[in-house]
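Computed from the coordinates by the stated procedures, all read-outs in this text should not be read as laboratory data. Computed from a predicted model, the values in this text were never measured in an experiment. Virtual Cβ from ideal backbone geometry, glycine too; neighbours counted across all protein chains shown.
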Amino acid sequence: MATHSSSRYEELKAQVNFHNYRYHVLDAPVISDLEYDRLLNELKKLEADHPDWITPDSPTQRAGARPADRFEKIRHPAPILSLANAFGADDARAWFERVKKLDDRVENAKFVVEPKIDGLSVVLHYRDGLFVQGATRGDGEVGEDITSNLRTVRAIPLKIPVGSEQLSAKSKQSSITNYQLPKYLVVRGEAFIPNKEFEALNKKLEEAGEKTYLNPRNTAAGSLRQLDPVLTASRPITLLVYQIVHSEGGKVPTSQWEILEYLKALGFPVTDIARRFNDLESAIAYTETFSTGRKALPYEADGMVIKIDDLTLAADLGFVGKDPRGAVAFKFPAREVTTTLNDIGVAVGRTGVLTPYAMLEPVEIGGVVVERATLHNFDYIAEKDIRAGDRVLIKRAGEVIPYVIGPIVDARTGKEKKYKPPSKCPACGQEVEHFEGEVAWYCVNAACPAQLVRNVEHFVSRGAMDIVGLGIKIVEQLIEAGLVKDVADLFSLKKEQLLELEGFAEKKAENLLKSIEQAKGQSLNRLIAALGIHGVGEVMAGDLARTFGNLSALSKASADELQQMDGLGPNIAESIVDWFEQNANQKLLKKLNAAGVWPEMKKNEKKKEGAFTGLTFVVTGTLPTLSRDGVKEFIESNGGKVTDSISKKTSYLVLGEAPGSKLDKAQSLGVKVIDEAELRKLAGG
């Protein structure tokens with residue numbers, strides 16, 4: 001039983017981390033909030049029963065998911081944390097009883113109730129009253145710098161309009177006496193698109209014949225987390241502020257209720273439905289009025305937050321994992337409806353994953369008409385015995401992603417049809433692949449039209465072939481014009497072809513062609529990484545390049561040969577072999593070769609010997625003089641190997657400023673930790 005439980009624990013960690021990434025990084029969740037909460041609660045229960053199993057990579061030890069890679073990173077001055085959930089009044093009372101046992105002051109505590117808005121959490125920095133920086137929450141420790149985009153949000157004051165003197169005058173009419181405007185102030189808020197503005201935006205897009213958006217949350221998050229501030233400015237994003245994260249050089253309140261009054265007095269937008277109560281039952285009663293009346297709210301909300309008003313007491317209560325004990329999120333119940341599942345369709349993602357979805361008789365859920373819902377994967381359909389023609393139960397948990405809970409078996413008439421997963425890709429007709437131990441089924445055809453845009457985007461990205469000036473909009477133009485049918489076609493583009501495209505003039509066309517020509521000189525490891533083979537990232541691509549030396553040799557490698565490499569298991573070996581066996585991929589390789597894109601690893605690169613030969617390194621944090629690419633090159637030039645994750649096989653962890661959880665993992669495994677100076681000393685420098 002213990003073995004089964006520990007196996008389930010590892011599975012749960014992987015699932016929750018994956019769904020954190022889908023939700024917080026990609027803004028594209030694939031399960032409902034309810035399902036996520038069940039996974040997380042099951043994980044927490046296992047950890048409560050087996051505290052010795054807990055590792056630093058458990059999602060309970062984090063506040064969210066890691067930030068995306070396209071923005072500069074910002075380390076927050078204090079952790080930006082998530083909250084534990086209460087699914088009803090009894091859960092909220094249980095939370096109160098737990099914290100009451102820890103501190104007698106909780107018995108007489110006051111509580112503040114605020115809306116739990118479903119948007120994007122942002123952190124705003126002010127120096128001398130001026131807005132100087134803004135970031136996403138990221139993983140709770142490090143966020144993404146989206147300052148330029150946040151500046152376009154009109155609700156955010158670029159300069160705090162109230163100085164210390166005006167604040168003092170205002171405070172005479174309120175409870176915020178004797179507080180000043182700090183020299184340095186960091187606040188937290190939730191950015192969102194109000195419901196009416198979202199409906200108007202979608203109506204405008206629909207009338208223009210453009211693609212509409214699914215929900216306000218993803219629209220706001222996506223608008224703030226993209227590279228063009230002009231697009232952000234065109235979206236009706238607003239925000240409400242509710243927390244002081246950090247302050248220097250001024251006295252600020254230590255009561256949550258006074259924090260809200262204080263922030264409002266400074267000129268920040270603050271919710272008008274927050275209330276303070278003298279006891280928990282009154283707070284619960286107020287919260288429950290919104291469970292049935294949330295339609296009246298002007299924004300999407302998936303619950304209310306109950307906070308202990310005394311912030312000193314709340315801080316003294318500490319944390320459970322990374323959930324503060326001083327507050328709890330009172331989640332609204334999910335909404336369910338029934339409708340007919342007319343058919344089951346299959347979508348093909350960038351990585352080739354085939355994802356089934358339900359094609360529904362249109363039904364309204366929470367004010368939104370739903371015609372499609374996720375079915376997660378083919379195993380889910382089989383386990384639930386979901387059939388075309390079934391009457392099914394649909395849930396839109398968290399007011400976001402609708403999904404099929406399961407069939408209503410008693411409603412069957414006998415006309416329903418059992419579902420059989422496709423053996424061929426619905427987009428290109430190639431045979432699909434399934435790797436042992438994985439739920440997903442894949443199309444591994446690199447020229448599959450359903451994957452083409454994202455495949456090309458990956459191929460030209462900074463970590464792959466690094467073709468400057470070839471963003472996704474241009475990629476879409478090239479594919480739509482029929483100029484690019486696979487990534488090899490990029491190297492046969494002509495200037496006159498580009499000049500026919502909208503937005504291209506002489507200089508732009510010349511610069512792009514120059515960048516494409518320069519990419520022919522990229523290294524073998526970059527080309528392997530660019531091909532998008534399932535399971536092969538930058539580190540694995542480097543190992544393959546050093547082991548085989550060229551694509552010809554790699555394409556002929558057997559699964560057994562591949563598994564001789566350190567860290568390469570049977571699934572990735574099978575994935576590599578399958579990729580090279582595809583006829584379409586073989587044609588792609590011939591086209592690349594003919595175009596002169598056929599790098600080979602030099603002999604001295606292939607077998608480097610040096611002071612680090614036989615040693616494996618992991619790097620975390622920012623080093624004094626070496627960039628991330630620089631330290632990797634330094635280690636490899638001395639015969640060493642760089643990997644992404646800590647294990648018992650790791651020889652050294654190279655530690656810089658602002659390290660992540662890898663330091664804790666290294667210490668727990670007894671891995672030796674060194675800094676840049678010690679690294680250079682090891683190399684004989």
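Close amide H partners of R275, meaning residues 5 or more places away or on another chain with modelled amide H under 5 Å apart, are V113.
Distance between the pseudo-spin-label points of R8 and T351 (7 Å out from Cα toward the beta carbon): 2.6 nm. Backbone geometry of region 246-255 corresponds, through the Karplus equation with coefficients 6.51, -1.76 and 1.60 at θ = phi - 60°, to 3J(HN,Hα) couplings of 7, 8, 9, x, x, 8, 10, x, 10, 10 Hz, x marking Gly and Pro. Extending 7 Å from Cα along the Cβ direction at E361 and again at E561 yields two label points whose distance is 5.8 nm.
The charge dipole of region 608-682, taken about the Cα centre with unit charges on the Cβ atoms of Lys, Arg (+1) and Asp, Glu (-1), comes to about 280 debye, rounded to the nearest 20. Ordered by the count of other Cβ atoms within 10 Å of each Cβ, fewest first, H50, H246, H458 give H50, H246, H458.
For region 97-113, putting each phi into the Karplus relation 6.51 cos²θ - 1.76 cosθ + 1.60 with θ = phi - 60° gives couplings of 5, 5, 6, 5, 5, 8, 7, 4, 5, 4, 3, 10, 6, 9, 10, 10, 10 Hz, in residue order, rounded to whole numbers and with x for Gly and Pro. For region 84-331, the Kirkwood hydrodynamic radius from C-alpha pairs, put into Stokes-Einstein at 4 °C and a viscosity of 1.567 mPa s, yields a diffusion coefficient of 67 µm² per second. Only the Cβ atoms of Lys and Arg (+1) and of Asp and Glu (-1) were treated as charged; on that basis the dipole of the chain about its Cα centre amounts to roughly 940 debye.
Taking a straight Cα-Cα cut-off under 15 Å and skipping sequence neighbours fewer than 8 places away in the same chain, the aspartates and glutamates within cross-link reach of K116 are D33, E190, D272, E288, E300, D302, E399. Let's test the formula: R0 of 45 Å, r as the Cβ-Cβ distance of Q586 and E480. What FRET efficiency results, to the nearest 0.05? The formula returns an efficiency of 0.95 here. Under a 5 Å amide H cut-off, with hydrogens placed 1.01 Å from N, G138 pairs with E144 among residues at least 5 apart or on other chains. By the rule of a second cysteine Cβ within less than 4.7 angstrom, the chain holds no isolated cysteines. Under the simplified labelling scheme, the E97-D385 pair shows an inter-label distance of 3.9 nm, with each label point 7 Å from Cα along Cα→Cβ. Here the Karplus curve 6.51 cos²θ - 1.76 cosθ + 1.60, taken at θ = phi - 60°, turns the phi angles of region 463-468 into couplings of x, 10, 7, 6, 8, 5 Hz, with x standing for Gly and Pro. Each residue in L393, L551, L201 was given a count of other beta-carbon atoms within 10 angstrom of its own, and listing them fewest first yields L393, L201, L551. Fully extending the segment from V320 to R275 would add 13.6 nm, taking 0.36 nm per residue of separation and subtracting the current Cα-Cα distance. Subtracting the Cα-Cα distance from 0.36 nm times the residue separation, let me have the gained length for K295 to L227 in nm, one decimal. Full-extension gain reported as 21.2 nm. Out of all DSSP beta bridges with both ends in the chain, state the antiparallel percent to the nearest 5. So the antiparallel bridges amount to about 85 percent of the total. In this structure, the residue pairs whose Cα-Cα separation is over 29 Å, taken from K495/K590; K196/K395; K159/K295; K13/K648, are K159/K295.
Principal axis analysis of the Cα atoms in region 608-682 yields extents of 31, 26, 20 Å, listed in decreasing size.
Exposure proxy for C428, C448: other Cβ atoms within 10 Å of each Cβ, ordered fewest to most, give C428, C448. Applying a threshold of 25 Å to the alpha-carbon distances of K420/K591; K424/K485; K101/K251 flags K420/K591; K101/K251 as lying beyond it. Distant-in-sequence amide contacts of I237, defined by a placed amide H-H separation under 5 Å and a gap of 5 or more residues or a different chain, comprise nothing.
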